[in-house]
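Written out below as structure tokens is the structure these notes cover.
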């Protein structure tokens with residue numbers, strides 16, 4: 001079975017080498033989409049042994065992932081996994097994500113940080129409220145009931161890759177992809193994963209106000225699609 | 001000073017700020033009309049677009065010179081209490097809203113097209129660099 005880990009990266013030179021190396025150490029192939037970084041992200045990723053695709057202009061999180069999924073489809077990958085470049089995900093979770101697809105139980109597998117009652121999981125309070133709102137938002141507009149929203153860990157089967165058609169370039173991609181699951185009636189499930197909130201990942205993340213505006217941005221994109 | 005001759009006679013009696021605004025607006029309108037003409041000549045816009053913009057600016061000119069016209073128009077379409085100039089403002093706001101919406105839609109399409117190009121280049125470069133490697 002051909003499995004590819006897609007890592008979108010924008011100015012992640014400090015972290016990308018370790019992240020790619022960790023993923024590669026578990027035996028998976030990695031494709032890094034360097035989304036127009038102005039630092040050495042592409043070189044670092046390549047040095048760690050990843051295949052690197054370069055956006056020569058920064059196009060956003062969604063655009064980078066879509067490029068990666070296009071690539072996976074062209075290379076007939078059986079499973080494509082989204083993985084964040086800032087080191088907030090556990091490499092060990094990848095295997096758990098792939099399993100439902102390998103067993104042909106699911107087309108899409110979504111990581112969730114809230115499925116297990118893991119007491120060690122620390123999510124900042126404001127972040128927790130925002131995620132709850134996003135979950136509600138997803139339920140209202142896409143009709144899909146999830147326990148987490150905007151989790152960067154996702155896995156897709158080849159047939160899911162072929163059907164999904166995402167057009168939103170930015171972070172709203174995370175909402176659009178759920179919408180696509182509903183639209184194409186793909187089989188999906190959620191798997192508990194661990195998120196590590198580091199100072200680094202918090203500093204890289206978008207402001208909370210921007211996160212709220214994402215909802216409006218997503219709906220606008222949906223209207224004029 | 002052609003502009004001055006174009007003004008209705010009763011306006012000569014009270015040369016006030018309103019009139020000053022009228023003159024300035026007319027000069028701007030004439031300038032824009034000339035620009036539409038020259039753009040058409042250089043084929044930067046089509047005849048249809050030129051006629052549309054010409055009509056828009058001509059309309060603005062007429063309203064500026066004969067503001068009373070809009071009062072009659074407003075009365076005719078049933079805006080009894082409103083002054084004609086209010087009607088002009090309503091219409092202008094509606095047009096601006098529409099244009100902004102269109103701009104947004106077009107912008108979105110352009111963004112999407114840029115992404116397509118960037119993606120195409122990214123995937124193509126990969127192919128060029130090592131065609132046999134499928135990772």
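FYI, it's all coordinate maths here, none of it is from the lab. Here the structure is a predicted model, which is why all the values come from computation and not from measurement. A quick note on method: Cβ atoms are made from the backbone with ideal geometry, for glycine too, and the neighbour counts reach across all protein chains shown.
A few comments on the model shown:
- Going from the fewest other Cβ atoms within 10 Å to the most, the residues A:138, A:147, A:66 appear in the order A:147, A:138, A:66.
- Overall size of the range A:68-225 from C-alpha positions, given as principal axis extents largest first: 40, 39, 25 Å.
- Cβ crowding within 10 Å ranks A:159, A:25, A:46 as A:25, A:159, A:46, fewest other Cβ atoms first.
- Over all pairs of different C-alpha atoms, the range B:18-105 has a mean inverse distance whose reciprocal, the Kirkwood radius, equals 14.6 Å.
- D_trans [Stokes-Einstein, Kirkwood Rh over alpha-carbon pairs] for the range A:69-117, 20 °C, 1.002 mPa s, µm² s⁻¹: 175
- The ranking of A:74, A:59 by Cβ neighbour count inside 10 Å, starting from the fewest, reads A:74, A:59.
- Gain on full stretching of the segment that runs from residue A:26 to residue A:184 - 0.36 nm per residue minus C-alpha separation: 53.7 nm
- Taking chain A and dividing mean pair separation by its residue count, relative contact order in percent (alpha carbons under 8 Å, at least six apart): 23
- The Kirkwood radius of the range A:17-87, taken over pairs of alpha-carbon atoms, gives through the Stokes-Einstein law at 20 °C and 1.002 mPa s a diffusion coefficient of 173 µm² s⁻¹.
- Here the simple spin-label model places points 7 Å from the Cα toward Cβ, and for residue A:14 and residue A:145 these points are separated by 4.2 nm.
- Estimated D of the protein assembly as shown in µm² per second, where Rh is the Kirkwood radius over Cα pairs and Stokes-Einstein applies at 20 °C, 1.002 mPa s: 88
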